[in-house]
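Have a look at the structure below, then the notes.
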Amino acid sequence: MRDATSNPFTPGSDTVPEVWAGRVDQQSDWERVLKPRLLAGLNERGRTITGEPGLGKSTLVRRIAAAAAAEGAWVTPQVRLPIGTDPLKAVAAAVLHLADLAGLAASRERRITDILGRVRQVAASGISLTIDRVAGPEPYTALTELLEAVGTAAIRDRTVVIIHIDEIQNVTNEHALSQLLISLGDAITTRVPIELPGGVLHERALPLAVYLTGLPEFAEKASSRTGATFARRFASTTLVPISDDDFRLALAPFTDPGWEVRTGEGAPARVRMTSEAAEKLVELCRGEPFLFQLAGERAWYAGQSAVITLEDVLSGWDAAKHEATAHVERILDRLPAKEREFVETLAAAAPELRTATGIAKSMGYATAASVGPFAQRLDTVRGIVQRGRRYSFRHRALEAYLTTEWPETGTHE
């Protein structure tokens with residue numbers, strides 16, 4: 001009954017898991033703010049969603065995009081940018097896909113034909129078109145014009161467009177990043193005239209939603225490079241670990257009425273999870289969506305019966321704990337030396353010494369102001385710590401790794 005084909009847990013960012021937990025605010029932002037405003041022709045900023053690895057940034061936007069596509073929205077394939085990739089080439093190829101959805105290839109307008117030809121050049125050559133000075137507008141200008149054409153077609157079709165660019169922090173070429181952000185920003189702030197009944201002309205925004213996802217340092221880097229322009233055009237959110245109650249809610253279908261699966265013969269059946277097993281799974285993942293999916297996946301594979309037991313969760317976690325450790329160590333290793341020292345000092349401090357002054361003293365500084373920049377970045381940029389009269393951890397898996405025997409459970413050797 002429990003096998004690889006029926007497992008609803010999926011660790012990793014390439015697929016949207018069936019067992020979904022949390023991120024209600026971000027999904028509500030799409031449903032209650034972004035989509036209705038775009039359909040109404042109102043300007044709305046793009047969305048930048050950043051966070052440490054494992055918090056489900058890409059998966060969140062993929063879930064939003066999948067739901068929107070099911071309702072008829074035009075959605076780009078996920079544009080993932082490996083290190084060294086020319087972002088203009090990758091985004092141009094995705095926008096050409098949108099142009100196909102909009103039916104622009106069949107257009108007889110010379111202007112549309114010229115724009116498509118130019119963007120095809122961008123998809124082939126990217127930023128090098130600027131360097132080689134091929135005749136015609138800059139690559140980002142051609143990309144903006146095609147986005148505007150797609151947006152205009154979406155108005156006629158009464159739908160919205162979603163563009164998702166992932167791993168945006170990997171764009172190391174400042175010139176290319178500037179062109180990309182200007183192109184996207186210009187498109188989402190463009191207003192076009194439309195004719196209302198009675199021949200009245202009215203200006204409205206294009207129904208273009210842009211999501212940028214990546215590691216926390218991107219928003220900081222983009223703001224320092226483009227300043228107020230980026231902040232005006234993109235609203236930034238830093239994801240933090242989700243609450244235990246969100247995980248409990250996600251697991252509720254396993255306790256009642258049970259998770260529906262199909263037997264080998266195709267007959268419907270249900271897999272249940274004991275309350276003790278569910279609570280242990282929530283405890284082990286420490287607010288991390290990746291660890292939640294990992295623990296769930298391994299618990300599922302730990303047995304074949306119709307009930308996931310506490311023993312299944314513990315046995316599965318025993319097989320997963322090395323991967324869980326590596327996941328948290330990667331986050332710790334990403335931190336600059338002083339930020340890592342701050343985090344480790346915070347973890348080692350007694351509760352009453354978890355103050356700016358206490359941490360500064362332990363780090364060898366004379367005043368609390370000396371550690372202010374580290375604390376601010378760890379809070380507002382990375383979402384790892386919570387500042388206040390006494391400092392605490394937001395990233396509970398990192399805290400558990402530094403202050404307890406986690407991921408060991410004390411049950412299995």
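When N counts the residues of region 57-118, how does its alpha-carbon radius of gyration compare numerically with 2.2 N^0.38 Å, as a ratio? Before the final figure, lay out the partial values.
On the way: Rg = 13.9 Å, N = 62, 2.2 N^0.38 = 10.6 Å.
Taking the Cα Rg and dividing by 2.2 N^0.38 Å, one obtains 1.32.
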Hey, what angle do you get for helix 174-189 against the long axis of the chain, alpha-carbon based, 0 to 90 degrees rounded to 10? 70 degrees
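In deg cm²/dmol, rounded to 500, what helix-only [θ] at 222 nm does the chain give when every DSSP H run of at least 4 residues adds -39500 (n - 2.57) and the total is split over its residues?
Counting only the DSSP helices, I get -15000 deg cm²/dmol.
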Rounded to whole Å, √(5λ) for the Cα gyration tensor eigenvalues of region 244-332, largest first, gives 24, 14, 11
Would you work out which of Gly117, Leu55, Ala153 lies farthest towards the positive end of the dipole of region 24-238, given +1 charges on the beta-carbon of Lys and Arg and -1 on that of Asp and Glu, about the Cα centre? Ala153
Mind checking the dipole of the chain: about its Cα centre, +1 per Lys or Arg Cβ, -1 per Asp or Glu Cβ, Debye to the nearest 20? 1420 debye
On alpha-carbon atoms, Rg over Rh for region 153-216 using Kirkwood Rh? 1.13
For region 244-332, give the magnitude of the charge dipole about the Cα centre (Cβ charges: +1 Lys/Arg, -1 Asp/Glu; no others), in debye to the nearest 20. 180 debye
With a cut-off of 19 Å, note down the residues of region 283-301 whose backbone N falls inside the zone around a label point 7 Å from the Cα of Val24 toward its beta carbon. 287-289
For region 152-182 and region 258-335, what is the centre-to-centre distance using only Cα atoms, to the nearest Å? 36 Å
Quick check: pseudo-label points 7 Å beyond the Cα along Cα→Cβ at His97 and Asp245, how many nm apart are they? 3.8 nm
Relative to the chain, whose Cα atoms define the longest principal axis, helix 139-157 and its Cα axis are tilted in degrees, nearest 10, by 90 degrees
Straight distance only, please: which lysines reach the Cα of Lys89 with their own Cα at less than 25 Å, same-chain residues fewer than 8 apart left out? Lys57, Lys221
Rounded to the nearest 0.05, what FRET efficiency is calculated for Glu352 and Thr404 with R0 set to 22 Å and r the Cβ-Cβ distance? 0.70
If you average 1/r over all unlike Cα pairs in region 24-238 and invert the result, what Kirkwood radius do you get in angstrom? 17.4 Å
Along each of its three principal axes, how wide is the spread of alpha-carbon positions in region 335-403, in whole angstrom units, largest first? 30, 24, 22
Dipole check, the chain, charges on Cβ (K,R +1; D,E -1), about Cα centroid: among Asn173, Ala295, Ser275 the Cα furthest to the positive pole belongs to Asn173
Once the Cα atoms of helix 337-348 and of the chain are each reduced to a long axis, what angle between those two axes, in degrees from 0 to 90 to the nearest 10, is obtained? 40 degrees
Choice from Val200, Val240, Val79 with maximal GNM fluctuation in the chain (Cα, 10 Å cutoff): Val200
I'd like the FRET efficiency for Glu276 and Asp157, computed as 1/(1 + (r/R0)^6) with the beta carbon distance as r and R0 of 56 Å, rounded to 0.05. 0.65
Can you bin region 205-288 into rounded, prolate or oblate? Criterion: square roots of the alpha carbon gyration tensor eigenvalues sorted a ≥ b ≥ c, rounded for a/c under 1.5, prolate for a/b above b/c, oblate for the rest. prolate
Under 16 Å between alpha carbons, and skipping anything fewer than 8 positions from Lys338 in its own chain: which lysines qualify? Lys361
Please give the charge dipole size of region 24-238, origin at the Cα centre, charges +1 on K and R Cβ atoms and -1 on D and E Cβ atoms. Round to the nearest 20 debye. 240 debye
The Kirkwood hydrodynamic radius of the chain, taken as the inverse of the mean 1/r over all distinct Cα pairs, in Å, comes to 23.7 Å
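Over the chain, what is the relative contact order in percent, taking alpha-carbon pairs closer than 8 angstrom and at least six residues apart? Before the final figure, lay out each step's value.
Working: 683 pairs, mean separation 81.6, N = 413.
Once normalised by length, the contact order is 20 percent.
Tally Lys/Arg at +1 and Asp/Glu at -1 over every other residue whose Cβ is under 12 Å from the Cβ of Gly364; what's the total?
Value of the local net charge: +1.
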Charge dipole (the chain, unit charges on Cβ, about Cα centre) - positive-most of Trp317, Gly103, Ala65: Gly103
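Values quoted throughout were computed directly from the atomic coordinates according to the rules given, and no laboratory measurement underlies them. Please read these numbers as outputs of a predicted model, since none were measured by experiment. Positions of Cβ are generated from backbone atoms using ideal geometry, with glycine treated the same way; all protein chains shown enter the neighbour counts.
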